[in-house]
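Chemist: Starting off with a structure, shown below.
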Amino acid sequence: MRKYLLLTPILLLTACARMDHIQVGDIDQSQGKLKPISVKVSENTVNVDTTLALTDAVLSNGSGSDEIEALRTIWALMNMGPRTGNPVFNDAYAQNVLNQLHAQCQSGKITAIRSVREANDYAIASGEIVRIDADCIL
Amino acid sequence: MIKNTFSTLVLLSAVLLLNGCTSSIHMVNTDGFDQVIPADVDYKYVEASTKQHVILGFAANTNYVDEARQSLIAQCDGELTAVSTQYSTNHSFLSWYNKILMKGVCIE
């Protein structure tokens, strides 16, 4: 019981912002007024390996279960490759950022584009975010 | 005996269910919005996608980014502007696919 009481605040209080990548483009302030625009898309996901490890710790009282260890190994082998943040189950969530950015600026002239790859991290779960901030030249 | 059979079934199901179901987006970059598109001019969105298969770290196709660029250019006879590039990876069994998705606005 004491273990669960300790675990709950840890899970609740571990929401962290994580920055993976940022890139800034040209900044042109000479052609007119600037209006800030932004596009943000995100995908919620679960860190399966951490979840399995946590399940293992809770269910087997810290002694370790062969089945869950085998599942973790299978998971690692079946989903091999480079990763930025936690892997997601849908890779199409950022496909329309260009269209959405273009739709927010009628003149079509956009400057100071900041491309940000970041995440909200909640220990076993996370929201993987792609955000484009920019200024529309009016 | 029953426990062993159950464990085998769970592991087999996991093998089938967990194979290559995740992916990771590393970067999305957008640039080149410096062209005003006149109201009476036609424009369209064009996109190109290529991928590279990597098996245990050995890459098969190292020209996939150039191929995406060439494919994007080939789809537009006019001016290609506002090009965005997405670099991601699809995970799989002992291998993975690196993917490039390029999109742009073609002013004709």
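The values are calculated or read from the model by the stated rules, or taken from the named source; none is laboratory data. Fair warning: this is a prediction, and the values are worked out from it, not measured in the lab. Note that we place each Cβ from the backbone using ideal geometry, even for glycine, and neighbour counts take in every protein chain shown.
Chemist: Taking the condition surrounded by fewer than 17 Cβ atoms within 10 Å (Cβ to Cβ), in contact with a Lys or Arg (Cβ under 9 Å, 6 or more places away or on another chain) and within 7 Å of chain B (Cβ to nearest Cβ), does residue A:120 pass? Explain how you work it out, then say what you get.
Modeler: Numbers: surrounded by fewer than 17 Cβ atoms within 10 Å (Cβ to Cβ): yes; in contact with a Lys or Arg (Cβ under 9 Å, 6 or more places away or on another chain): yes; within 7 Å of chain B (Cβ to nearest Cβ): no.
It is false that residue A:120 is surrounded by fewer than 17 Cβ atoms within 10 Å (Cβ to Cβ), in contact with a Lys or Arg (Cβ under 9 Å, 6 or more places away or on another chain) and within 7 Å of chain B (Cβ to nearest Cβ).
Chemist: A further question follows. Give the residues of the range A:26-56 that are modelled with pLDDT of 90 or more, surrounded by fewer than 16 Cβ atoms within 10 Å (Cβ to Cβ) and under 20 Å from residue A:118 (Cα atoms), sorted by residue number.
Modeler: Residues satisfying the conditions are A:36, A:38, A:40, A:44, A:46.
Chemist: Still on this model: Taking the range B:28-73 on its own, how many of its residues are within 23 Å of residue B:96 (Cβ to Cβ) and in contact (Cβ under 8 Å) with a residue 60 or more places away in the chain?
Modeler: 0
Chemist: Still on this structure: Are any residues in the range A:94-119 in contact (Cβ under 8 Å) with a residue 60 or more places away in the chain, in contact with a Leu (Cβ under 8 Å, 6 or more places away or on another chain) and not aliphatic (A, V, I, L, M), and if so, which ones?
Modeler: Passing the criteria: only A:111.
Chemist: Hey, another quick one. For residue A:86, only one of the following conditions fails: (1) within 23 Å of the chain's Cα centre (by Cα); (2) more than 22 Å from residue A:37 (Cα to Cα); (3) not in a loop (DSSP other than H, G, I, E, B). What is its number?
Modeler: (3)
Chemist: Anything in the range B:79-104 that is facing another protein chain (nearest Cβ under 7 Å), within 11 Å of residue B:46 (Cβ to Cβ) and of a type in the set (A, V, I, L, M)? List them, or say none.
Modeler: B:82
Chemist: Has the range A:130-138 got at least one residue that is within 13 Å of residue A:43 (Cβ to Cβ) and surrounded by fewer than 22 Cβ atoms within 10 Å (Cβ to Cβ)? Break it down stepwise before answering.
Modeler: Start the filter on the range A:130-138 by keeping residues that are within 13 Å of residue A:43 (Cβ to Cβ), which leaves A:130-131.
Adding the requirement that they be surrounded by fewer than 22 Cβ atoms within 10 Å (Cβ to Cβ) leaves A:131.
Among the residues of the range A:130-138, at least one is within 13 Å of residue A:43 (Cβ to Cβ) and surrounded by fewer than 22 Cβ atoms within 10 Å (Cβ to Cβ), which makes the answer yes.
Chemist: Against the conditions (1) in contact with an Asp or Glu (Cβ under 9 Å, 6 or more places away or on another chain); (2) surrounded by fewer than 16 Cβ atoms within 10 Å (Cβ to Cβ); (3) closer than 15 Å to residue B:30 by Cβ, where does residue B:108 fall short? Just the number, please.
Modeler: With respect to (1) in contact with an Asp or Glu (Cβ under 9 Å, 6 or more places away or on another chain); (2) surrounded by fewer than 16 Cβ atoms within 10 Å (Cβ to Cβ); (3) closer than 15 Å to residue B:30 by Cβ, residue B:108 is out only on (3).
Chemist: Further, regarding this structure: Take the residues in the range B:30-89 that are crowded, with 17+ Cβ neighbours inside 10 Å and of a type in the set (Phe, Trp, Tyr), then tell me which one is farthest from the chain's Cα centre (by Cα).
Modeler: Checked the range B:30-89; the qualifying residue farthest from the chain's Cα centre (by Cα) is B:43.
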